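So the structure is just underneath, and the comments pick up after that.
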């Protein structure tokens, strides 16, 4: 298949939509981003990459970081992790307290905010220190992206912390149900540091390879997690990766994926490739509008879909 | 792969669990079923079948019928169908009125009760008659199962109608939101007739082939729906096919599937086969306990999973 | 106090507001009412009446009927009634299914629709016939209003039944929780007949005297219920009589009262008088906009308030 | 009426119930209280007091403090206060986040936790300092109780702060909706200081006199608030003073009142007296079990009720 041509076709088709999304404006650091950007990269098992747009542009990975912290927590805690966080779709916006209260402080899945905060708490338990836990997540991201220079943004993390009242509410609520072990503010701060990591579509699509290849990096041969764990992370991405639009994404794209409010999306074609798209304008559900459309066009044009 | 041996291994492993489920007891007709039954069948594209247990035993397909009525409605209405029913996981028990009220009478997806009742209403619109709509659904089921003798059970349908107050509540609520066109009682009665259809695992696994083969019956060559529609039905089965345990099923089994309170489950391995299991004891979420376990063992042993 | 002058002042002050409410339009029979009407009557223990506006105009009492059916059910069942219906404010719109589902089919109080339907079901149990139960409610209303000619409107009742899908949903939901004994349609029809009774403010204010006088009609001396039951009905009117605006009514008016979507409101000054207002334009909570304002002005001007 | 005899009768009748309640155990400082205590005091407009039990025993007033902070905020902000907090019953447990989220961070009334925290925030705005705001509340309490020695408990306040994750969640949630102006932790800490004030039934019943007398202290002649404000505070106490059991309290007691988890309850007989009861065992709704029963007996025996 001529992937380069397909990517260029996609870019042409989505260009008219670049105006339609709305950049996340709840924190100043994200609100300043130019909404008209677009990039998309495919990375294959031999390291070959096809890109379109500004594929080296760094952006805030935001909730995509939830995939990486979930991977580490699952590696260390295995099924015990599910005592503190579920794996069911939420049927509610990503930051709803309602469901969390009805379900006694157990978040529905690791990809809604409460769940991701809870996973960070588990990692702090494991490493016995918030600072170290964050460094280990960052190191893991550098490993799977094969890129030593990946950094986080103190400006973005601080800005999120300053406006993070809803996440503080979620964390305090879990704490009130005895489902958070560490200091509330420390956990939320670590969570925001994870979110502030900056990557490009080239890096992110490369970083997805271990999930396309049953837990093993196909280039380095490094075994990160078991095949079964890898498949299960993909399953959670498919059912819960896009908040209240997860069903829609499964329906229209048909690939496991995860989005972030920074405008990035990652996706996996099992046994074949890692994908990443970037376009900062968001749709009503908080997912990249153009990014979602680009992935729909991609599976339409290639016939690649898990169904 | 030695599928016959695998099925027999599975049967051996689940036997000790046959006591643990709870037969649906909300209607007398279902409550009388012997809980210790088990059957499982795989059907391949050339018609080859592997079975274990009493694979000719007829049982009430119940909510599995939702897949068939959804297929017909999607065929006729295409994307217009999504004006009246969504495709997002529900995050709530299958018969909850709460979500339906908050979301103004638009059911979350076609596989919760409200959604399936709504789909039946759409089919009655299309055929302009409830009686004919039901007959067409039955004919479609006979076609895809390649079995003329499939029948419905008036005893089961009447019994459900007599105890169907919650479904009547759901239908009246949709009607109050102007999202139901036909007479409430007539729609619900037709829905219950669909649910009362009786099939065996041999028939059901055969009936799934069109969804494993992009909408085309691989044996007869009959084109039922488009490849894209077929993939999308699979996506909805994966994200919404098991009520509040859909995430769990995707996580542990990793195949698109649909369960019914009669104890049946159907699943699809895209491009490979149709599967059906039967065991009437249910777990807390209303899905066949042993059936779910059998499918988990199946994907563990065969490595067949869409992820 | 010069009650006549006070009523006339009130009329002058509310006249400019007669345009602001919105006539109930969910059934044709109510939608046709001229919104500019106003009437208000005070009835004292010796039968003296002061009125302003068209105080003989008959209107549909609608939910005010809930006070009368509740009185009869409380008389017959005493505290046993509270097994099937609560007495807590609802904190939700009057016809919400959400709360009813979360609370397992036990309506919060007898003045939300589900509660009133449930009370009618209890009366049908008591009289062993729906037709007789309705006649007894009508007879009771005629007795307390001392007016033989009070009738119900078949046109209004039929029209409500035809559009009563939400009430049918509520009744079916209670039935699904085993908290409704009689045929769903029969109970709802009887409820709508109660609602369709037509009275004037003269009749309604007269009918309130037993609740202002500890359960005893101060004119005829007839003992309808005990002093304690009477006080408790007043308490439920105060906390639950105006749906989601009950707190507001208690706050601004300070009297036990009950409103109906037909535009009527009744209120009680304990030990002093019965009051009724009529003006068909409704506010956002479904209570008479001008009627509520007139009662606020009344307690402001007279200092009569239970607080 | 022989009030002393009535109080003694009440004490005799409730004694067997002193075992049935459950002392609040969510903070160590409250959990240590001996559950078998009882005290009740009536205070009349001339200062006469009738007491039974240990009426000088100091206890943590907890949520009764909400009446006092609400009084001050209403005095300063008048109806403008209702932009940030409502006056409708909540229909949900006192510390529910669900309703707060559905209603965009506007608490239902000033007597649920979120509402009281919000009122404290308004007072901090008014006094421009949290420390001063608390001192002014304390001074107000000392004034209305005519008792200079009333103090707060740092042990109790600190202990609540240490376990106050749910209140921190509520405050953060309001902040996320822009309905809290000051630092979250500072507001919650001030709220807990208010709750930790320690008073006896003698002091509390004395402190209620201004609400029984249209805002004016009947002994000192001091005008605290207007008659209309006073009546409206009573209305809010009646409809919202006992969390999810407010309807029950109105129904069974028939007086405006407010309870606290420390086991205290205050109530008002308009134009007649202030009342306070203390007994630390709580019922399922978090109100003093014996205190509630004592007040029911009191209105039964005296016929004093606002209805």
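Read-outs throughout are calculated quantities, based only on the coordinates presented, and are distinct from any laboratory measurement. Since the model is a prediction, treat every value here as computed from it, not as a measurement. Quick reminder, even Gly has a Cβ in these numbers, built from the backbone with ideal geometry, and neighbours come from all protein chains shown.
Quick notes on this structure:
- Region C:185-219 and region B:193-220: distance between their alpha carbon centers, rounded to Å: 60 Å
- Across the protein assembly as shown, Cα-Cα pairs more than 57 Å apart make up 24 percent of the total.
- Ranking of A:214, D:178 by neighbouring Cβ atoms within 10 Å, starting from the fewest: D:178, A:214.
- Once the mean of 1/r is taken over each pair of separate Cα atoms and inverted, chain D shows a Kirkwood hydrodynamic radius of 18.9 Å.
- Radius ratio Rg over Rh of region C:163-205, counting only Cα atoms, Kirkwood formula for Rh: 1.15
- If you take the Cα centroid of region B:293-307 and the Cα centroid of region B:57-132, the two points sit 28 Å apart.
- Cα-derived Rg over Rh, computed across region A:136-178 with Rh taken as Kirkwood radius: 1.18
- Each Cα pair under 8 Å and six or more residues apart adds its sequence gap; the mean of these over the residue count of region C:93-159 is a relative contact order of 15 percent.
- The residues B:136, D:22, when put in order of fewest to most other Cβ atoms within 10 Å, stand as D:22, B:136.
- Remark: relative contact order (region D:57-184) = 28 percent; criterion is Cα-Cα distance under 8 angstrom and separation of 6 or more residues.
- Relative to the dominant Cα principal axis of chain D, helix D:3-14 is inclined by about 80°.
- For the rotational copies A and C, the chain A residue with its Cβ nearest the relating axis, together with that separation in Å, is A:102, 4.
- Principal semi-axes in Å for region A:95-254 [√(5λ), Cα gyration tensor, largest first]: 26, 20, 15
- Distance between modelled label sites at residue B:57 and residue B:79, nm, 7 Å Cα→Cβ extension: 4.5 nm
- With label points set 7 Å from Cα along Cα→Cβ, the inter-copy distances at residue A:181 are 4.2, 5.6, 5.7 nm, sorted shortest first.
- Partner chain coverage, peptide C:219-230 - average Cβ within 10 angstrom: 1
- Sequence of D:248, D:183 once ranked by neighbouring C-beta atoms within 10 Å, starting from the fewest: D:183, D:248
- In nanometers and ordered shortest first, the copy-to-copy spacing of the residue D:163 label point, defined 7 Å from Cα toward Cβ, is 3.7, 4.4, 5.3.
- Chain B: angle of helix B:227-240 to the longest principal axis, Cα-based, in degrees nearest 10: 90 degrees
- Placing a label point 7 Å from Cα along the Cα-to-Cβ direction at residue A:227 gives distances to the equivalent points in the other copies of 2.7, 8.4, 8.5 nm, listed shortest first.
- Convex hull per residue volume in Å³, alpha carbons only, for region A:20-109: 168 Å³
- Pair-distance distribution of region D:175-271: all C-alpha pairs, bin width 5 Å, starting at 0; shares per bin in whole percent are 3, 12, 17, 17, 20, 17, 10, 4, 0.
- Helix D:184-195 vs. chain D, principal-axis angle (Cα, 0 to 90°, nearest 10): 10 degrees
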